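All remarks here apply to the structure that follows.
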Amino acid sequence: MTLKECYASFGGDFDSVLLRLNREQLVEKFVYKFLDDKSFCLFTTSMENRDYDEALRAVHTLKGICQNLSFTKLYESSSVTTLALKENDYQKAAESIPQLSEDYHRIINAIKVYQGCGEG
Amino acid sequence: MEKQKILIVDDSEMNRALLIEILENQYDIEEAENGAAAIEILSRQRNEFSLVLLDIMMPEMDGLEVLSHINKYRWNERFAVIMISADDSPEKMQRAYKMGAFDYISRPFDSVIVRRRISNTMLLYERQHQLEETIAEQFREQEKNNKLMIAILSHIVEFRNGESGAHVLHVNTITELLLRQLILHTDRYSLSKSDISLISLASSLHDIGKIAISDEILNKPDRLTAEEFEIIKTHSAIGAEMLSELPAEQQDMPLLKTATEICRWHHERYDGRGYPDGLKEDEIPISAQAVSIADVYDALTSERCYKKAYTHNEAIKMIIEGQCGAFNPLLLQCLEEIADLLKNAQNHNGIKIKGEISS
């Protein structure tokens, strides 16, 4: 699997990120780094604890990362959650979680598969 | 050449890492993971940085609070602040601009645009700094020339008076010391530091009227006759008249106004028995009052063709006891208070007083 195919599998825009960051190696480095990023985890814990300020910051950060890495699909779902939390619409935020979670895990899984290919 | 340094303030480790990746070849980078940490770093070592990249939404202290702190203490005179903005907060960016942000970079980061934007900003800041330096340098140069012109002029007068070359310099310095001491006691005369410098500079011209007095009288080694003394006394009014004949548009210049009042009234006495106008107490401008004491002190402690030099202690005693004129009691108190400074200065040939007060 190529990185471009990996991007395509989770609804990302590989051409755009490559154009901005210039080198495929660099894109790959940050895609791997995304596996260790804590913002999604922080978001879900904060939502469970009803710490909505922290949840907003976390999902906003996640959104920013998606923007930078052109994770288009997850960018869209994290935008919905961010907006809901900014408007203090906690119910809508909670309702957006399944989609957000699905998009997030699809990326994580795809990256792990890609990583496995590279190593194998 | 040493690399310029950038502080990246962002709570997302990934975002910081991405910016570092884009910038680390060209710049030294330091990171802060929230606003409070940024303030901590900047309060310690802000002079090292040429630029701060500042995220808006952060825990502890957000970007706008950081910006407000930077603005309050005018730290951004030294470095530029570029906001890292999410595309969905134009109103926050507008606030950031109002609070002194120089520019913003929005996500997603484009490596070429980020690099170019940052290097342009730094270049602009550096140029502005150089320009400010150049202007300040020119200003200092000009001021040096102004002082030099006045020094030349007063030296000519001194030369002819047969006074020691340092008299004008001493009067400058003593006047400045007296007035600085005076404003510690009262704000009655509303003197700013720059007023005091101006008076000190203008004091150089106090005796210019003497060029109209004949050599025979001016440099007569014997006691002057009453008639001759009357002629000498005209120098204060003559000096002021000479200045008043300068072109009308120059008459409003503070230096000329001050010099004129010093020329005319530096032989007035606090009790009203001086010349040429018999002004008393605070009818005499404070500039002339201060120069008057400075002039007397330095005349006493210098050797002249008609007298030997008194010691510092003798001179102070004679002035305080009223043997050499009548002065403002507050200025006499100031004279006593600066006596030690003057004494040390006298021991070191006078001229060094300047260094001691300009700390």
Cut-off of 10 Å, at most 13 other beta carbons, DSSP loop: longest stretch of chain B lacking such chymotrypsin sites (Phe, Trp or Tyr not before Pro): B:74-305
Rounded to whole Hz, the Karplus (6.51, -1.76, 1.60) HN-Hα couplings of region A:50-56, x for glycine and proline: 6, 8, 6, 5, 5, 4, 5
Nitroxide proxy distance, nm - points 7 Å out along Cα→Cβ at B:His129 and B:Met149: 3.4
For residues of B:20-32, the mean tally of beta carbons on other chains within 10 Å: 1
Nonlocal amide H pairs with B:Met83, under 5 Å, H built at 1.01 Å: B:Leu54, B:Phe102, B:Asp103, B:Tyr104, B:Ile105
Total charge dipole magnitude, region B:210-345, about the Cα centre, Cβ charges on Lys, Arg, Asp, Glu only, Debye to nearest 20: 420
MRE, 222 nm, helices only [DSSP H, n ≥ 4, -39500 (n - 2.57), over chain A, to nearest 500]: -26500 deg cm²/dmol
Integer Hz, Karplus 6.51/-1.76/1.60 couplings in order for region B:129-137, x for Gly and Pro: 4, 4, 5, 4, 4, 4, 5, 4, 5
Two-site FRET efficiency, B:Asn120 against A:Leu19, from Cβ-Cβ distance with R₀ of 25 Å, rounded to 0.05: 0.75
Spatially proximal lysines relative to B:Lys5 (Cα-Cα < 30 Å; intrachain offsets below 8 disregarded): A:Lys29, A:Lys33, A:Lys38, A:Lys63, B:Lys72, B:Lys92, B:Lys98
Cross-link partners of B:Lys144 among lysines (Cα-Cα below 29 Å; sequence separation of 8 or more within a chain): B:Lys193, B:Lys210, B:Lys257, B:Lys343, B:Lys352, B:Lys354
Candidates per GluC sites (Glu not before Pro) in region B:306-346, loop by DSSP, up to 15 other Cβ within 10 Å: B:Glu321
Computed magnitude of the charge dipole of region B:1-151 (debye, nearest 20; Cβ of K, R +1, Cβ of D, E -1): 720
Chain B: calculated mean residue ellipticity at 222 nm from DSSP helix runs of at least 4, using -39500 (n - 2.57): -18000 deg cm²/dmol
Efficiency of FRET between A:Gln99 and B:Glu77 - r from beta-carbon atoms, R0 56 angstrom, step 0.05: 0.75
Spin-label pair B:Ser194/B:Arg223, simplified geometry with 7 Å Cα→Cβ offset, distance in nm: 5.1
Only Lys, Arg (+1) and Asp, Glu (-1) charged, at Cβ; chain A dipole about Cα centre in debye: 240
Spacing of the two label points (7 Å from each Cα toward its C-beta) at B:Gln45 and B:Ser244, in nm: 6.5
Ranked B:Ser85, B:Ser119, B:Ser236, criterion: other C-beta atoms within 10 Å, fewest first: B:Ser119, B:Ser85, B:Ser236
Karplus-derived HN-Hα couplings along region B:170-175 (A = 6.51, B = -1.76, C = 1.60, θ = phi - 60°), whole Hz, x at Gly and Pro: 5, 4, 3, 5, 5, 4
Other-chain or far-sequence residues with amide H under 5 Å of B:Glu60's (modelled H): none
For a label point 7 Å along the Cα-to-beta-carbon line of B:His185, residues of region B:285-323 with backbone N under 13 Å: B:290, B:320
Cβ-derived FRET efficiency at R0 35 Å, B:Thr311 paired with B:Asp215, nearest 0.05: 0.70
Fraction of antiparallel bridges per DSSP, chain B only, in percent to nearest 5: 5
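Since every read-out is calculated from the coordinates, none of them should be taken as a lab result. Bear in mind the structure is a predicted one, so any value in this text is a computation, not a measurement. Positions of Cβ are generated from backbone atoms using ideal geometry, with glycine treated the same way; all protein chains shown enter the neighbour counts.
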